[in-house]
Amino acid sequence: MRTVTWDYTHQQVKMIDQRLLPGEFREVSFTRYEQVADAIQTMVVRGAPAIGASAAFGMALAAQTSSASDIQEMRADLAAAGEVLRAARPTAVNLAWAVERMLEAAGDPGIDDVRSLQAGMLDLAQRIADEDVEINKRMATHGANMMQENEVVIHHCNTGALATVDWGTALGVIRMAHEQGKHPHVLVDETRPRLQGARLTAWELEQYGVSYEIITDNAAGYFLSSGKVDRVLVGADRAAANGDVANKIGTYMLALAAKDNQVPFFAVVPTSTVDLKIPEGKQIPIEERNQDEVLNIEVKGEQVAPGGAAARNPAFDITPNRLITGIVTENGVVYPPFEMNLHQAVRGSQC
Ligand code: MRU
């Protein structure tokens, strides 16, 4: 299963509509990059690596649909498309990373006609998607190798195949440990307000046959203090150079409770999610989404909050590096001091 693909027959971008899961599995297709940007914003597709690959395919669409007759005009069209795609969601750096990679390739002076540029954009987008799967499997192997048999793991949000092109980051580690016969058991944070845990992670774990139970987000501290949780595994939307990570809202509270109970806390982060330009987490922009995502929750057909209630809805928070035991990358598991060791992992040295 790939979350986002290029349909070579119809020259379209295809995605699983994640808003409908687990009730309905439906794929949707897009013919214009603006639709891809909208799909990212409205969370048809979500998860840092998945939106990066989607943006890359969006750039390929922008090249295919451009009416430019010369290469300079097409490069200008691509720059404009890049701005729109980049602005769709601000926290996950993979979006900007993928757009920049596409624009850099588009600027190659060796490309001198529009047809070659169109072909080059599609080739690179496909490569970004394929690399994502390969990188996730490498991370999963590093992460699973550090796990023991029968571990109980708390997992937040959805970091599985759906959050990437395929396989996943933190959930990919769990999936690999399961395939290695280690029998992990997952306590799945339901992950308010959009319930990526209860809807998407639970759906994926069902497919893989991994043992799990859903818990409310506010039960995590109770389980961490019970002495029965071996590890917390999360993903990240952006890691700063010092190892602070931005991830789904609630991750920070989870990390605090893990630290207080000496439970190892690992972030599983491809190097494309590390932003060495940002020294510390507090400089990472945090997306605040519409209050309706918090307020539109119904019990027995009735909205829970009184009419006229206001809500705040930050989508991510920052977990400082002092709460993080290790960061699993495709180049190995990085331990403190993160400033030095994360840098080396991003440069490609094996940890
Ligand atoms: O708002 P979402 O669903 O896009 O948030 C996703 C997460 O927070 C994931 O943990 C993150 O993207 C890293 S895992 C691939």
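Conditions (1) at pLDDT 95 or above; (2) open to solvent by 80 Å² or more (accessible area, probe 1.4 Å); (3) more than 20 Å from R192 (Cα to Cα), marked per residue:
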| residue | (1), (2), (3) |
| --- | --- |
| D275 | yes, no, yes |
| I278 | yes, no, yes |
| K282 | yes, yes, yes |
| N296 | no, yes, no |
| K300 | no, yes, no |
| P306 | no, yes, no |
| A309 | yes, no, no |
| N313 | yes, no, no |
| F316 | yes, no, no |
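From the list L233, L256, which residue is buried (at least 19 other Cβ atoms within 10 Å of the Cβ) and either modelled with pLDDT of 95 or more or in contact with a Gly (Cβ under 6 Å, 6 or more places away or on another chain) (or both)?
Values: L256 fails: buried (at least 19 other Cβ atoms within 10 Å of the Cβ).
None of the others qualify; the one that does is L233.
Which condition does P320 not pass, out of (1) crowded, with 19+ Cβ neighbours inside 10 Å; (2) farther than 30 Å from T42 by Cβ, if it passes all the others?
(1)
Here are V229, V268: which of them is in the same structural domain as N145 (by TED's automatic domain parsing) and under 19 Å from V334 (Cα atoms)? Spell out the reasoning first.
Working: V229 fails: under 19 Å from V334 (Cα atoms).
Answer to the selection: V268.
Results for (1) in a strand (DSSP E or B); (2) farther than 23 Å from I297 by Cβ; (3) open to solvent by 60 Å² or more (accessible area, probe 1.4 Å), shown as yes or no for each residue.
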position	(1), (2), (3)
G197	no, no, no
L200	no, no, no
N218	no, no, yes
L224	no, yes, no
K228	no, yes, yes
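Conditions tested, residue by residue: (1) under 13 Å from the mean Cα position of the chain (by Cα); (2) not aliphatic (A, V, I, L, M).
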{"residue": "Q148", "(1), (2)": "no, yes"}
{"residue": "E151", "(1), (2)": "no, yes"}
{"residue": "I154", "(1), (2)": "no, no"}
{"residue": "G160", "(1), (2)": "yes, yes"}
{"residue": "A163", "(1), (2)": "yes, no"}
{"residue": "D166", "(1), (2)": "yes, yes"}
{"residue": "M176", "(1), (2)": "no, no"}
{"residue": "A202", "(1), (2)": "no, no"}
{"residue": "Y212", "(1), (2)": "no, yes"}
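Of the numbered conditions (1) open to solvent by 20 Å² or more (accessible area, probe 1.4 Å); (2) more than 16 Å from the ligand (Cβ to nearest atom), H142 fails exactly one; give the number of that condition.
(2)
From the list E213, E206, E190, which one is in contact with a helix residue (DSSP H, G or I) (Cβ under 8 Å, 6 or more places away or on another chain), more than 11 Å from the ligand (Cβ to nearest atom) and either acidic (D, E) or in contact (Cβ under 8 Å) with a residue 40 or more places away in the chain (or both)? I'd like the intermediate steps shown before the answer.
On the way: E213 fails: in contact with a helix residue (DSSP H, G or I) (Cβ under 8 Å, 6 or more places away or on another chain); E206 fails: in contact with a helix residue (DSSP H, G or I) (Cβ under 8 Å, 6 or more places away or on another chain).
After applying the criteria, what remains is E190.
Give me the pairs: first residue in the range 77-104 and among the basic types (K, R), second residue away from the ligand (no atom under 16 Å from the Cβ) and at pLDDT 95 or above, beta-carbon distance under 8 Å, and six or more apart or on different chains, which are they?
Correct list of pairs: R86/V99; R101/L124.
Answer yes or no: is there a residue in the range 305-315 that is under 23 Å from T164 (Cβ atoms) and either touching a Gly at 6+ places or on another chain (Cβ under 9 Å) or outside the structural domain of F223 (by TED's automatic domain parsing) (or both).
no
The values are calculated or read from the model by the stated rules, or taken from the named source; none is laboratory data. None of these values were measured; they are calculated from a predicted model. All Cβ positions, glycine included, derive from the backbone under ideal geometry; neighbour counts span all protein chains shown. Calculation scope for accessible area: heavy atoms of the full protein, side chains included, ligands and nucleic acids excluded. Shrake-Rupley method; radii C 1.70, N 1.55, O 1.52, S 1.80 Å.
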